[in-house]
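The structure appears below as structure tokens.
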Amino acid sequence: MSATAKKRAPMPDDLRAAKGGTPLVSLTAYTTPMAQMMDEHCDFVLVGDSVGMVLHGLPSTLGVTMDMMIMHGKAVARGLHSAMMVIDMPFGSYEESREQAFRNGAKLMAETHAGAVKLEGGVEMAETIRFLVARGVPVMAHIGLTPQSINTLGGYKVQGRGDAGAALLADAKAVAEAGAFAVVLEKVPQGLADEITAQIDIPTIGIGASAGCDGQILVVDDMLGLFTAFKAKFVKRYAHLADDGEAAIAAYAAEVRARSFPAAEHVFADEAPK
Ligand code: KIV
């Protein structure tokens, strides 16, 4: 996207219409400055519940709350003009009933101005997706490795291998048929991701899936090398900001200790009385 041609943010139907076309570009964001950096380059920006791990130091996404999502959603919204904002529904905010999901989905959209919510789950969430979409809450689905189910999945493993592929294809078909406008495929073997992409009529957004998906998403702190607690194999680091930042902090600390830190008389030399 060119920096000069300012466009309006796409809506869910625009993203749905991108099926089979130029791949959709997406990253996560949690703060205003990050959102500003990616606004011109992304079709949509996800306020992911990964915020709990990458910014708050939580061991998983399970401890993320509605209040955290709303606070980060508001911050990201201030930085976006051209990209659509999608916001994650946190663990425990939608699984209990369709009504609970609507109440919390509507709250996230009303308070953050997100264009859509994302929730995890396939066949078992289809009726909830249908209920939300019919009531004005556009839904992006998320299947494959669903980090909120990490305790029942038994780890951050590749999903859909062997016989499990048929169930994942059924999940993808169920969420598409229920009205989701796109579906994230996380940690799904390439052949299966390609098959799902070919068989459903909504865009697939890959993360550790296949370049053949209709779009890609990464956690921004992963691709910038800011989150270094661990690195999934599929993550490519486009920068090493944690290393650069630590080197900068070490240089600052050394200057302060050596009393070579720029002193006030240098900084204000021009203002000294003549
Ligand atoms: O929370 C998140 O960052 C996500 C992406 C990994 C898709 O759900």
If you project the alpha carbons of region 87-237 onto the principal axes, what extent comes out on each, in Å, largest first?
38, 35, 28
Loop trypsin sites (Lys or Arg not before Pro), region 115-221 (other Cβ atoms within 10 Å of the site Cβ: 16 or fewer; DSSP):
135, 157, 161
I'd like the distance between the alpha-carbon centres of region 114-180 and region 78-108, rounded to an integer number of Å.
14 Å
Charge dipole magnitude, Cβ of K and R +1, D and E -1 - the chain, Cα centre, debye nearest 20
140 debye
Reachable lysines from residue 173, criterion Cα separation under 28 angstrom, eight or more residues apart if same chain:
19, 107, 118, 157, 187, 233
Compute, for region 95-135, the length of the dipole vector about the Cα centre, with Cβ point charges of +1 (Lys, Arg) and -1 (Asp, Glu) only. Units Debye, rounded to 20.
220 debye
Applying 1/(1 + (r/R0)^6) with R0 = 22 Å to the Cβ-Cβ distance of residue 40 and residue 113, what FRET efficiency is obtained, to the nearest 0.05?
0.70
Report the gain in length on full extension from residue 199 to residue 9: 0.36 nm times residue separation, minus Cα-Cα distance, nm rounded to one decimal.
65.6 nm
5 Å is the cut-off here: which amide hydrogens, built 1.01 Å from N in the peptide plane, fall below it relative to residue 87, excluding neighbours closer than 5 in sequence?
47, 116, 117, 118
Calculated [θ] (222 nm, deg cm²/dmol) that DSSP helices of n ≥ 4 give over the chain, each run adding -39,500 (n - 2.57):
-11500 deg cm²/dmol
Restricting region 225-259 to trypsin sites (Lys or Arg not before Pro) in coil, as DSSP defines it, with at most 10 other Cβ within 10 Å:
233, 236, 259
HN-Hα J in Hz across region 188-197 - Karplus 6.51, -1.76, 1.60, θ = phi - 60°, x for Gly and Pro
10, x, 4, x, 5, 4, 5, 5, 4, 4
With θ taken as phi - 60° and the coefficients 6.51, -1.76 and 1.60, list the Karplus ³J(HN,Hα) couplings across region 157-169 in order, rounded to whole Hz; mark glycine and proline as x.
9, 4, 10, x, 6, x, 5, 5, x, 5, 5, 5, 5
Computed over the chain: longest principal axis from alpha-carbon atoms vs helix 98-112 long axis, angle to nearest 10 degrees, is 30 degrees
In whole Hz, what ³J(HN,Hα) sequence does region 206-218 give by Karplus (6.51, -1.76, 1.60; θ = phi - 60°), x for Gly and Pro?
x, 9, x, 10, 8, 5, x, 5, 6, x, 9, 9, 9
Rounded to the nearest 10 degrees, the helix 66-79 long axis (Cα) sits at an angle to the longest Cα principal axis of the chain of 60 degrees
How much area per residue is accessible in region 1-76 when the probe is 1.4 Å and only protein heavy atoms are counted (Å²)?
47 Å²
Amide H of residue 182: which non-local residues (sequence gap of 5 or more, or other chain) have their own amide H closer than 5 Å, using H built in the peptide plane?
141
Full-stretch length increase - residue 127, residue 17 - with 0.36 nm per residue and alpha-carbon distance subtracted:
37.3 nm
If amide H atoms are built 1.01 Å from N in the plane of the peptide, which residues on other chains or at least 5 residues away come under 5 Å of the amide H of residue 225?
238, 239, 241
The helix 241-257 Cα axis meets the longest alpha-carbon principal axis of the chain at an angle in degrees, between 0 and 90 and rounded to 10, of 20 degrees
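The values are calculated or read from the model by the stated rules, or taken from the named source; none is laboratory data. All figures in this text were calculated on a predicted structure; none of them were measured in a lab. Glycine also receives a Cβ, built like all others from the backbone with ideal geometry; neighbour counts cover every protein chain displayed. Surface areas here come from the heavy atoms of the whole protein model, side chains and all, with no ligands, DNA or RNA. Shrake-Rupley method; radii C 1.70, N 1.55, O 1.52, S 1.80 Å.
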